[in-house]
1. Looking at segment 269-282, can you tell me whether even one residue there is surrounded by 18 or more Cβ atoms within 10 Å (Cβ to Cβ) and over 29 Å from Ala16 (Cβ atoms)?
2. Which numbered condition in (1) farther than 22 Å from Glu285 by Cβ; (2) surrounded by fewer than 13 Cβ atoms within 10 Å (Cβ to Cβ) is the only one that Arg131 fails?
3. Assuming Ser23 fulfils every condition listed in (1) open to solvent by less than 80 Å² (accessible area, probe 1.4 Å); (2) without any contact (Cβ under 8 Å) to a residue 24 or more places away in the chain; (3) at positive phi apart from one, which condition is it?
4. Identify the single condition in (1) farther than 13 Å from Leu163 by Cα; (2) under 18 Å from the mean Cα position of the chain (by Cα); (3) surrounded by fewer than 20 Cβ atoms within 10 Å (Cβ to Cβ) that Val265 does not satisfy, given that it satisfies every other one.
5. Can you pull out the residues in segment 1-16 that are small (Gly, Ala, Ser), over 20 Å from Asp140 (Cα atoms) and at pLDDT 85 or above?
6. For the subset of segment 114-124 comprising residues that are surrounded by 12 or more Cβ atoms within 10 Å (Cβ to Cβ) and not in a strand (DSSP E or B), which member is nearest to the chain's Cα centre (by Cα)?
7. Looking at the structure I just gave you, is Ala16 over 29 Å from the mean Cα position of the chain (by Cα) and either farther than 17 Å from Arg274 by Cβ or of a type in the set (Gly, Ala, Ser) (or both)?
Amino acid sequence: MMSLDNLQLFIAVADAGGFSRASDRLDLPVATLSRRVAQLEKELNVPLFKRNTRNVSLTPAGEAFYAQLMPALESVQSAINDLSNAAASVQGRIRITSAADFTQHCLAAPLTQFIQRNPDVQLDLNLNHQRMDLVTEHIDVAIRIGQLVDSNLFAWHLFDMPLQLFASPSYLAAIQKIEQPDDLSACNFINMRHNGGQRDLTLQQGKQTHSQATSGNILANDMGVIMGLCEAGAGIAAMPEAFVRNQLQRQLLVHVLPDWQCPAVPVHAVTATRNPPARVKLLIEFLKESLRST
């Protein structure tokens, strides 16, 4: 009877798109991984991968086998996770990476509620704006804001974060009154670095969409810094209202074109494995429910 481990290794290589990447994820030598997959191909008497010096891809038989095998293995892993979860309380360490400002404004309350409900869980937060390698850094889950770029990771959509335009009263008092989107062309914009300093702004009002070219002389990779620059009168910035509620209440910032919104930014929880431990799955589902409700 063929080894379940070898079947899982086949899936890992297919998901990673090659033996080297799968080797890094599994912390298993490439030679061992290749030998085990070759053993599986011998047992099945059919080649599963096309190999050459540049890349590895599934054969037609491999693609069909993958499509049939995945649901079965997911059911097995799900049953194991459910059994483990039922046999003991949710416990253990969850290593999370996320942007510090997003964690402060959007995750602090949900994470607190989660550990209050699951006191045997320990959260290890690594807060920075760099996209950490989940495998080499041993990260269980990353919270990613914006469009995803790494298709070899596994993502759960948490919610879409709406953005609006804000500026300080002092900045707005010093420029021509902004009454319509076209007036933004003369304004200075403070942009997030991960957007590449995007100069074209899209605004939405109901079913109406408006594209506006903008200019700006400040780029930053931290929303807290952008908020501070905005308060100081450096220009206009697109930010989530959840981040600036205190500044709005204290009138340090005000809405710019409050009837218009920027397109919402997707927020995902990302893992390196298709079936993370039960405690990680539980956290992701809790965040999804909490963030969508607030």
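The values are calculated or read from the model by the stated rules, or taken from the named source; none is laboratory data. Just so it is clear, the model here is predicted, and its values are computed rather than measured. Positions of Cβ are backbone-derived with ideal geometry, glycine not excepted, and every protein chain shown enters the neighbour counts. To get the accessible areas, we keep the full protein, side chains included, count just its heavy atoms, and leave off ligands, DNA and RNA. Shrake-Rupley method; radii C 1.70, N 1.55, O 1.52, S 1.80 Å.
1. Checked against the condition, which is being surrounded by 18 or more Cβ atoms within 10 Å (Cβ to Cβ) and over 29 Å from Ala16 (Cβ atoms), segment 269-282 yields no hits at all.
2. Going through (1) farther than 22 Å from Glu285 by Cβ; (2) surrounded by fewer than 13 Cβ atoms within 10 Å (Cβ to Cβ) one by one, Arg131 breaks only (2).
3. (3) is the only condition that Ser23 fails.
4. The number of the failed condition is (1).
5. So in segment 1-16, the residues small (Gly, Ala, Ser) come out as 3, 12, 14, 16.
Filter again for over 20 Å from Asp140 (Cα atoms), leaving 3, 14.
Selection gives Ala14 alone.
6. Step one: list which residues in segment 114-124 are surrounded by 12 or more Cβ atoms within 10 Å (Cβ to Cβ), which gives 114-115, 118, 121-124.
Those still in the list that are not in a strand (DSSP E or B) too: 114-115, 118.
Values: Phe114: 19, Ile115: 21, Asn118: 23 Å.
Filtering segment 114-124 for residues that are surrounded by 12 or more Cβ atoms within 10 Å (Cβ to Cβ) and not in a strand (DSSP E or B), the one nearest to the chain's Cα centre (by Cα) comes out as Phe114.
7. Details: over 29 Å from the mean Cα position of the chain (by Cα): no; either farther than 17 Å from Arg274 by Cβ or of a type in the set (Gly, Ala, Ser) (or both): yes.
No; evaluated as a whole, the condition is false for this residue.
Each row is one residue, and each column tells you yes or no for (1) farther than 17 Å from Met161 by Cβ; (2) out of contact with any helix residue (DSSP H, G or I) (no Cβ under 7 Å at 6 or more places or on another chain); (3) hydroxyl-bearing (Ser, Thr, Tyr).
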{"site": "Ile178", "(1), (2), (3)": "yes, no, no"}
{"site": "Ala186", "(1), (2), (3)": "yes, yes, no"}
{"site": "Asn191", "(1), (2), (3)": "no, yes, no"}
{"site": "Gln208", "(1), (2), (3)": "yes, yes, no"}
{"site": "Gly235", "(1), (2), (3)": "yes, no, no"}
{"site": "Pro240", "(1), (2), (3)": "no, yes, no"}
{"site": "Val244", "(1), (2), (3)": "no, no, no"}
{"site": "Gln247", "(1), (2), (3)": "yes, no, no"}
